[in-house]
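Just passing along the structure, written as structure tokens.
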Amino acid sequence: MYRQYSIAYQTALQNYNACTDNSMRSHLKDGLHDAWQTWGELGYRDEIDLARQTIDSITRKGLLSRRENAKHTLLTSKLNDPMYGDYLRTSVFPSNALERQSWTKVSFDASNLSQNTTSSAHTVGATAGRSWLFGLIKVAGNAGVANATSTMTAPDDKSTISFEPAQIPLIRPWFDPALLETHNWRWANGQKTRMLSDGGNPPAGDLYAYASSVIVARNIEASFKLSESEANTLINNIDASTDVQLGVFSIKAGAEGNLGSSTSASRITENKITSPGMQIIGFVCTPLAKCPDPENGLNWLDD
């Protein structure tokens, strides 16, 4: 009813303002007065407007309080590392998730590898590198490796790669994505065009997604058949390199990517690579909808 009588009043007001005939304006003024009275009596104009003002005040205070709490949590959550400086902790949930996790073994054979990989190689951690096994094994960080030539043949039907993956939720006490997704905030003047996410496909912005889970793997094992010369070439180049990858898995990491655990050390023989330790191989990210996406008609503090 409120909306119905509001529209009737707005229509009467427009007709009155548009009229230039004085005698007609007097008649329209009476109609405008009646529409105002009807909106108030039958549409409960004053009561609803007061309720809206109260809700707006509470919402504004609630948002400001929530924002201040978020800022306080952010500042008090900041930690310091003597080598790398300030940082904010991200943890798995629950804290003993890795011990409680149920692990399932996943295996790929030669036919899977040929279908899901290509021969193109890329370098990780250096500008020079080379690859083996359909580009799955990559070494980098040694100039001598880049000048070598590979004689390794394609994997035979006995080649396999196996590992045990797990997906673990992440928590950040200092990060409240729900606060970002509310529709009663925007950037201050001078930044109104800035977007965390434009909601597009693909999205663009300063923060269009955030990591909500981490994917880890352990007990990585690759078996393949090599000739003696091929095995020696592979082992020598791995020994001489700072970074070695087996697909998404790290077999050997340089100083910046060191796994920091003796249990993650890999073992390499002429026909097998094993890496029992646990390592991060990826993340699951949660996208943000359009953000900020303020509701129309709100009264802003900086307007």
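The values are calculated or read from the model by the stated rules, or taken from the named source; none is laboratory data. Just so it is clear, the structure is predicted and the values come from calculations on it, not from any experiment. When we count neighbours, we look across all protein chains shown, and the Cβ atoms used for this are built from the backbone with ideal geometry, even at glycine. Only protein heavy atoms, including side chains, enter the accessible area calculation; ligands, DNA and RNA are left aside. Shrake-Rupley method; radii C 1.70, N 1.55, O 1.52, S 1.80 Å.
If I ask for residues that are part of a strand (DSSP E or B) and either modelled with pLDDT under 90 or open to solvent by less than 90 Å² (accessible area, probe 1.4 Å) (or both), which ones from the stretch 81-91 would you list?
Asp81, Gly85, Leu88, Ser91
Turning to a different aspect of this structure: Can you tell me which condition Pro94 does not meet? The list is (1) under 23 Å from the mean Cα position of the chain (by Cα); (2) assigned to a loop (DSSP other than H, G, I, E, B); (3) modelled with pLDDT under 80; (4) not aliphatic (A, V, I, L, M), and all the others hold.
With respect to (1) under 23 Å from the mean Cα position of the chain (by Cα); (2) assigned to a loop (DSSP other than H, G, I, E, B); (3) modelled with pLDDT under 80; (4) not aliphatic (A, V, I, L, M), Pro94 is out only on (3).
Assuming Val244 fulfils every condition listed in (1) over 13 Å from Glu221 (Cα atoms); (2) aliphatic (A, V, I, L, M); (3) at pLDDT 80 or above; (4) open to solvent by less than 50 Å² (accessible area, probe 1.4 Å) apart from one, which condition is it?
Here Val244 meets the rest and fails (3).
If you check every pair at least six apart or on different chains, which have Cβ atoms under 9 Å apart with a residue in the stretch 267-288 that is more than 11 Å from Asn219 (Cα to Cα) and among the basic types (Lys, Arg) first and a residue that is open to solvent by 50 Å² or more (accessible area, probe 1.4 Å) and modelled with pLDDT of 85 or more second?
Lys272/Glu221
Can you tell me how many residues in the stretch 209-223 are crowded, with 18+ Cβ neighbours inside 10 Å and among the aliphatic types (A, V, I, L, M)? I'd like the intermediate steps shown before the answer.
Start the filter on the stretch 209-223 by keeping residues that are crowded, with 18+ Cβ neighbours inside 10 Å, which leaves 214, 216-218, 220-222.
Right, trim to among the aliphatic types (A, V, I, L, M) and you get 214, 216-217, 220, 222.
Of the residues in that region, 5 qualify.
Let me ask another. Can you name every residue in the stretch 1-25 that is open to solvent by less than 70 Å² (accessible area, probe 1.4 Å) and either of a type in the set (S, T, N, Q) or outside any helix (DSSP H, G or I) (or both)?
Ser6, Thr11, Cys19
Output the residues belonging to the stretch 215-256 that are among the acidic types (Asp, Glu) and either over 31 Å from the mean Cα position of the chain (by Cα) or over 19 Å from Gly277 (Cβ atoms) (or both). Can you show your working first?
Here is the first cut: in the stretch 215-256, the residues among the acidic types (Asp, Glu) are 221, 228, 230, 239, 243, 256.
Scanning the stretch 215-256 gives Glu228, Glu230, Asp239.
Next question. Go over the candidates Ala188, Ala217, Ala211 one by one and state the one that is closer than 30 Å to Leu74 by Cα and touching a Phe, Trp or Tyr at 6+ places or on another chain (Cβ under 7 Å).
Values: Ala188 fails: touching a Phe, Trp or Tyr at 6+ places or on another chain (Cβ under 7 Å); Ala217 fails: closer than 30 Å to Leu74 by Cα.
Just one listed residue meets the conditions, Ala211.
Take the residues in the stretch 158-187 that are over 20 Å from Ala289 (Cα atoms) and part of a loop (DSSP other than H, G, I, E, B); name whichever of them is least open to solvent (accessible area, probe 1.4 Å).
Residue satisfying both the conditions and the ranking: Ser159.
Check the stretch 228-239 and report whether any residue there is in a loop (DSSP other than H, G, I, E, B) and surrounded by fewer than 15 Cβ atoms within 10 Å (Cβ to Cβ). Let's see the steps before the verdict.
Within the stretch 228-239, the first condition is being in a loop (DSSP other than H, G, I, E, B), and the residues that meet it are none.
Checking the stretch 228-239: not a single residue is in a loop (DSSP other than H, G, I, E, B) and surrounded by fewer than 15 Cβ atoms within 10 Å (Cβ to Cβ).
Turning to a different aspect of this structure: Working only within the stretch 188-198, note down all residues that are modelled with pLDDT of 90 or more and open to solvent by 40 Å² or more (accessible area, probe 1.4 Å). Steps first, answer last, please.
In the first step, residues of the stretch 188-198 are kept if they are modelled with pLDDT of 90 or more; the result is 195-198.
Met195, Asp198, listed by residue number.
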